[in-house]
Amino acid sequence: MSTNEGDRITYTGGMIQVPDHPVIPFIEGDGIGPDIWRATQRVVDAAVRKIYAGQRRIAWKEVLAGEKAYHETGQWLPQATLDTLREYKVSIKGPLTTPIGGGIRSLNVTIRQELDLYACVRPVRYIAGVPSPMREPDKVDMVIFRENTEDIYLGIEWPSGSPEATQLIEFINRELHKHISVDAAIGIKPMTKAGSQRLIRRAIQYALDHHRRSVTLMHKGNIMKFTEGAFRDWGYELAQTEFADRVVTEDALYKEFNGKMPPDRILLKDRIADITFQQVLLRPSEFDVIACPNLNGDFLSDALAAQVGGVGMAPGSNIADEVAVFEATHGTAPKYANLDKVNPSSLILSAIMMLEHMGWNEAAEGIGQALEATIANKIVTYDLARQTAGAREVKTSEFADAIIQALA
Ligand code: NAP
């Protein structure tokens with residue numbers, strides 16, 4: 001369907017079809033959201049205009065969520081917003097406040113669950129000039145695929161002493177012969193084979209498509225054997241049934257290939273979560289694509305972001321088979337709202353991911369290079385300026401201006 005402004009992105013045979021004037025919904029976000037969204041939109045529009053010489057243009061379509069939605073409609077996340085995100089296939093959002101009370105656990109989690117955005121994809125790559133606590137941050141180049149719809153993130157839990165917790169504990173103790181204290185709080189951790197395998201399939205396919213070297217299944221299966229342990233087992237099973245001629249497991253590498261990687265294949269390995277946190281710090285070059293369950297992936301994403309400059313520098317996306325929502329990975333940082341102060345890089349880098357997803361690689365590359373050149377020239381917002389000797393501290397909008405100027 002076509003509007004006066006533009007046309008819809010569609011899918012044919014599983015392949016994305018992007019018109020020259022796609023309609024892309026955006027959620028500006030709360031707190032610092034409007035500041036970073038304005039900067040991002042200006043940078044993307046300038047790059048697309050310049051690189052495609054006016055032949056391509058994004059028709060932005062605002063949809064409401066968070067505080068702005070609540071003020072205008074009385075709802076934090078109107079159904080119309082979810083419908084639009086689903087219908088237009090590709091969208092981008094700023095951070096959203098988590099409402100206190102009102103029955104919504106988190107707007108972000110609700111969007112992911114309602115649209116079944118099962119893969120949270122977070123690339124973590126170092127940009128030269130960004131202050132980092134690592135000695136060799138340029139060795140950090142990983143892409144995390146975190147399961148987004150299962151695990152204890154589903155929020156199935158009951159407080160200590162509640163009738164539900166008491167009933168469940170009595171049942172488990174009586175029928176399943178366990179010994180849970182009657183005053184325990186209870187949370188449930190469901191993980192399915194289908195849910196785990198669609199995430200791992202996506203991670204392996206990404207690694208193959210992007211010529212990466214390995215996929216690591218990160219899990220805590222030594223303790224949680226039937227949930228996280230099963231995640232690992234289902235991953236190996238999937239590799240065997242669907243990618244047998246493209247994937248080599250660590251075991252097979254030594255038994256069948258004498259320790260030498262055959263060409264055109266990727267290595268599939270697994271690591272326990274706790275040691276992974278140590279090894280990504282000590283030996284980052286051993287990690288490439290990482291697939292993990294929901295909660296572990298949440299921790300790992302922010303820990304890795306810290307290695308390359310913090311959440312202000314980390315992009316993210318939430319992806320289903322035909323719907324994708326790109327987003328800043330940090331929160332609303334309310335104390336900086338409307339000060340034109342914070343770093344818009346997380347949202348700009350997310351927009352780069354969005355353009356790559358659309359196949360507009362020239363625009364994605366153009367923005368990436370301009371952003372890197374701006375940081376290399378030490379033109380940065382307060383967060384990087386405070387850690388960079390000789391930096392010129394600029395406002396959010398001025399940082400966007402500098403990137404636009406640097407567009408080749
Ligand atoms: P936050 O908003 O991410 O802010 C924590 C700190 O991170 C800030 O005080 C600032 O540190 C730094 N920071 C965040 N964004 C930055 C940026 N763009 N540029 C530079 N520095 C940045 O975390 P929070 O204070 O825990 O959460 C605030 C609200 O956001 C809550 O309502 C939370 O639920 C929500 N939230 C939303 C999302 C989302 O929408 N995806 C994610 C996380 C949290 P300094 O003050 O040290 O400079």
* Once you put a point 7 Å from the Cα of VAL182 and another 7 Å from the Cα of SER106, both along the Cβ direction, what distance in nm separates them? -> 3.5
* Filtered trypsin sites (Lys or Arg not before Pro), region 148-243: DSSP coil and at most 15 other beta carbons within 10 Å -> LYS178, ARG213, LYS225
* Counting DSSP beta bridges with both partners in the chain, what percentage is antiparallel, nearest 5? -> 40
* Area projected by the alpha carbon convex hull of the chain, averaged over all directions, nm² -> 23.0
* Roughly how many Å is it from the Cα centre of region 363-408 to that of region 201-217, as a whole number? -> 31
* Structure fact -> Rounded to 0.05, the calculated FRET efficiency for the beta carbons of THR388 and LYS260 at R₀ = 45 Å is 0.60
* Asked: Out of ILE100, ILE272, ILE375, any idea which swings most in a Gaussian network model of the chain, alpha carbons joined below 10 Å?
  -> ILE100
* Quantify, in whole percent, the carbon and sulfur part of the accessible surface of the chain (1.4 Å probe; protein heavy atoms only). => 51
* Asked: Of all chymotrypsin sites (Phe, Trp or Tyr not before Pro) in region 207-246, which ones are in loop regions per DSSP and have a Cβ with at most 13 other Cβ atoms within 10 Å?
  -> PHE226
* Heavy-atom accessible area per residue, the chain, 1.4 Å probe: how many Å²? -> 46
* To do: Take the alpha-carbon centre of region 123-138, take the same for region 10-46, and report the distance between them in whole Å.
  => 27
* Asked: Does anything in region 348-377 have its amide N under 13 Å from the 7 Å Cα→Cβ label point of THR12, and if so which residues?
  -> none
* Which FRET efficiency value, to the nearest 0.05, do you get for HIS211 and ARG283 by plugging their Cβ-Cβ distance into 1/(1 + (r/R0)^6) with R0 = 22 Å? -> 0.55
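The values are calculated or read from the model by the stated rules, or taken from the named source; none is laboratory data. Just so it is clear, the model here is predicted, and its values are computed rather than measured. Positions of Cβ are backbone-derived with ideal geometry, glycine not excepted, and every protein chain shown enters the neighbour counts. Surface accessibility is based on the protein's heavy atoms, side chains included, excluding ligands, DNA and RNA. Shrake-Rupley method; radii C 1.70, N 1.55, O 1.52, S 1.80 Å.
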